[in-house]
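Quick notes on the structure that follows.
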Amino acid sequence: MKAYVVTEGASDAAMVSRALTGAGLEDVHVAAAGGRSSAISLARSILRSRRRPVALVIDADTTDPARVREQEQVLSDLVSGSTKSPSFRVFLSVPVMESAARDAAGAGAFEPMRSLISFLRREGPIAGNEPPHH
């Protein structure tokens, strides 16, 4: 089963593709949507029409853990709606320079790529999960 990863832009898609290939997840379609709102819309369309696992990978534009969690919840609700699919997940990328400064100060790290790979291994092409046929 094919899984989908939707990113905001081409550079994000290239980075995600390299990481997934390195992790042995080559049967994952990575799509660059051309911006945040387009990525949200594309993820929602894929989730509803293709009934396949979808990961939305977008920039958090913050390093504040509370704001990151809030964005994850809002985006999850926006994309999956009331159906709350276990085959959908939001992964927010925290700004690198700011995150490095937080890590140096001992404030902890976000690891969206590790979480994305774990999600795709559990829900994606090698998990063997087949969506319900309607």
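For the reader, a short list of remarks on this structure follows.
- Relative protection proxy for 49-57, 32-40, from highest mean packing down: 49-57, 32-40 (other beta-carbon atoms within 10 angstrom).
- Long-range HN-HN contacts of Ser93 with modeled amide H, under 5 Å: Ile58, Asp59, Ala60
- 5 angstrom amide H check on Ala31, placed H, neighbours 5+ away: Val5, Val6, Thr7
- Subtracting the Cα-Cα distance of Arg51 and Arg122 from 0.36 nm times their residue separation leaves 24.0 nm of extension gain.
- By the count of neighbouring beta-carbon atoms within 10 Å, fewest first, Asp77, Asp12, Asp59 end up ordered Asp77, Asp59, Asp12.
- 3J(HN,Hα) along segment 26-37: 8, 9, 10, 8, 9, 10, 8, 8, x, x, 4, 5 Hz, from the Karplus curve 6.51 cos²θ - 1.76 cosθ + 1.60 with θ = phi - 60°, whole Hz, x for Gly and Pro.
Every number here is computed from the coordinates shown, using simple stated rules; none is lab data. Quick caveat, the model's predicted, so the values are computed rather than measured. Virtual Cβ from ideal backbone geometry, glycine too; neighbours counted across all protein chains shown.
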